[in-house]
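Q: My questions all concern the structure below.
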Ligand SMILES: Cc1cc2nc3c(=O)[nH]c(=O)nc-3n(C[C@H](O)[C@H](O)[C@H](O)COP(=O)(O)O)c2cc1C
Ligand SMILES: [Fe+2]
Ligand SMILES: [Fe+2]
């Protein structure tokens, strides 16, 4: 028996033929606690069209699901909406098996696919707004440059009001259910937010523009078929509303206190700072880096108003896990945050200044130059920490009032 994977019907003419990656836990530095899916779609038009492929180890799953509907050799066209390997990684093998008449991508996508796979066949570059006839159905392409690579595009099937949105509106979530309306809303909101915070956050201004543009063009959308996680066929306002909220990065009174520690002095400081935050009316969330993944910290920061970062000094430097976090966060370009740096040290104490420097580079509005405590904090030092928490809480209030 061939592998018994089946396609799932999305509409009369469109099938989900992707793959479920139940076991993945690291996706380029992002902790995928619930696994993920690589969604690909088969459009059973006169010209049978495959939208996107899957990560290389899942090729046989993709082909088996396609085969449950049609012989893969019957596919006429392949559309690659995004050149990243989780969607294009099995494109070369798919081309070998299918021998499609044409392969389409955006102009940047066509170049990026060549740079990935050094293909000698043509990838037809489609223009923004261009329509492709599939006989009885059609596809319209909409470039979504830098959401989140230069090559990304949407493909829209007007006859079904169905948007193939590639990474946008997706989430890393492996489930047996294929549709969002079959899944607990709190899971969708958390995983959608985590995906946004870790993948799309740096491009928030473009997200807002894109949502406005889709509104202006009056494109009617009944179904969003994204490339990761569930397909949206009901309550589309929910995911679109979440996106417009996340893109605004409005500050709240939540303060993320994140740190690492060797002998728990910086940890004691973190707790005292959190008490000060609470007393000042903020909502502290303590995230020790020994038990908090960088991608979960980024998720918490998306709907926060402050980030307070602590590090002991290790061999004249900040602690490596704190450096890891700060480099990661800096790339995500979070906005509308106040903050502070703190940490315990023994003799030279460079870490706090280095953390402060990174927070300044991230344009986080700091309460002061940072709080350094020598070795183990005593009662007096802990009241300085408490006071720092109070001052951060004050600054969050001012930020929230002005935002
Ligand atoms: C391997 C090692 C290297 C250290 N290097 C420095 C250093 O270069 N400069 C400094 O000020 N303190 C240094 N320290 C001292 C720590 O910063 C100090 O013990 C601090 O209180 C630790 O805070 P923690 O309990 O939060 O880990 C070092 C400690 C260790 C264990
Ligand atoms: Fe991607
Ligand atoms: Fe992706």
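Q: GNM, the chain, Cα, under 10 Å: largest mean-square fluctuation among 154, 41, 117?
A: Result for the chain, Cα springs under 10 Å: 117 fluctuates most.
Q: Can you sort 77, 196, 328 by how many other beta carbons sit within 10 Å, fewest first? All intermediate terms of the calculation are to be shown ahead of the outcome.
A: Values: 77 21, 196 24, 328 16.
Listed from fewest to most nearby Cβ atoms, that is 328, 77, 196.
Q: Using the Kirkwood formula on the Cα atoms of the stretch 256-396, what hydrodynamic radius do you get, in angstrom to one decimal?
A: The Cα-based Kirkwood calculation yields 14.3 Å.
Q: Same structure again: Go ahead and set up a Gaussian network model of the chain, Cα springs under 10 Å, then flag whichever of 370, 229, 379 fluctuates most.
A: Of the options given, 379 has the highest mean-square fluctuation.
Q: Just to be sure I understand: with springs between alpha-carbon atoms less than 10 Å apart, which residue in 55, 127, 335 has the highest mean-square fluctuation in the Gaussian network model of the chain?
A: Taking springs between Cα atoms under 10 Å, the residue moving most is 127.
Q: How long are the three semi-axes of the equivalent ellipsoid of the chain, in whole Å, if each is the root of 5 times an eigenvalue of the C-alpha gyration tensor, listed from largest down? Please list the in-between numbers first.
A: Working: eigenvalues 432, 86, 64 Å².
Equivalent ellipsoid semi-axes, largest first: 46, 21, 18 Å.
Q: So, R0 is 35 Å and r is the distance between the beta-carbons of residue 220 and residue 182; what FRET efficiency does that work out to, to 0.05?
A: 0.90
Q: Still on this structure, please answer the following. Could you let me know the centre-to-centre spacing of the stretch 341-403 and the stretch 226-270, using Cα atoms, in angstrom?
A: Between the Cα centres of the stretch 341-403 and the stretch 226-270 lies a distance of 22 Å.
Q: Still on this structure, I have one more. So what is the 222 nm mean residue ellipticity for the chain from helices alone, if each DSSP H run of at least 4 adds -39500 (n - 2.57) and you divide by all residues, rounding to the nearest 500 deg cm²/dmol? Don't jump to the answer; show the numbers that get you there.
A: On the way: 12 runs with 142 residues, N = 403.
Helices in the chain give a 222 nm mean residue ellipticity of -11000 deg cm²/dmol.
Q: Go ahead and run the numbers for FRET between residue 317 and residue 375, Cβ-Cβ distance against an R0 of 22 Å, rounding to 0.05. Please list the in-between numbers first.
A: Values: r = 18 Å, r/R0 = 0.81.
With R0 = 22 Å, the Cβ-Cβ based efficiency is 0.80.
Q: Can you check what the Kirkwood hydrodynamic radius comes to for the stretch 8-248, Cα pairs only, in Å to one decimal? Could you put the intermediate results ahead of the total?
A: Values: mean 1/r = 0.0566 Å⁻¹.
Hydrodynamic radius (Kirkwood, Cα pairs) of the stretch 8-248 is 17.7 Å.
Q: Right, something else. Taking every DSSP beta bridge that has both residues in the stretch 256-396, what percent is antiparallel when rounded to the nearest 5?
A: Details: 2 of 21 bridges.
In the stretch 256-396, approximately 10 percent of DSSP beta bridges are antiparallel ones.
Q: Sort out for me the Cα centre separation of the stretch 75-119 from the stretch 160-186, rounded to whole Å.
A: 23 Å
Q: Just how far, in whole angstrom, is the stretch 1-33 from the stretch 287-313 if you go by their alpha carbon centroids?
A: 31 Å
Q: At R0 = 25 Å, how high is the FRET efficiency between residue 250 and residue 127 if r is their beta carbon distance? Nearest 0.05 is fine. List each step's numbers first, then the result.
A: Working: r = 36 Å, r/R0 = 1.44.
For residue 250 and residue 127, the calculated efficiency is 0.10.
Q: Continuing with this model, one more query. Compute log10 of I(q)/I(0) for the stretch 112-197 with the Debye formula, placing one identical point scatterer on every Cα and leaving out solvent, at q = 0.22 Å⁻¹, to two decimals.
A: Treating every Cα as an identical point scatterer, log10 I(q)/I(0) equals -1.12.
Q: Using only C-alpha positions, report the orientation-averaged shadow area of the convex hull of the stretch 21-151, nm², one decimal.
A: Numbers: hull surface 32.5 nm².
Result: a mean projected hull area of 8.1 nm².
Q: Restricting the count to DSSP beta bridges whose residues both fall in the chain, what percent are antiparallel, rounded to a multiple of 5?
A: Values: 26 of 62 bridges.
The antiparallel fraction comes to roughly 40 percent.
Q: When a/c reaches 1.5 or more, the comparison of a/b and b/c decides; with that in mind, is the stretch 1-58 rounded, prolate or oblate per its Cα gyration tensor? Don't skip to the end; give the middle numbers.
A: Values: a/c = 2.50, a/b = 1.96, b/c = 1.28.
Cα axes put the stretch 1-58 in the prolate bin.
Readers should treat all values here as calculations from the given coordinates under stated rules, not as data from a laboratory. On a predicted model such as this, the values are computed, not experimentally measured, just so you know. Backbone-built Cβ (ideal geometry, glycine too); neighbour counts: all protein chains shown.
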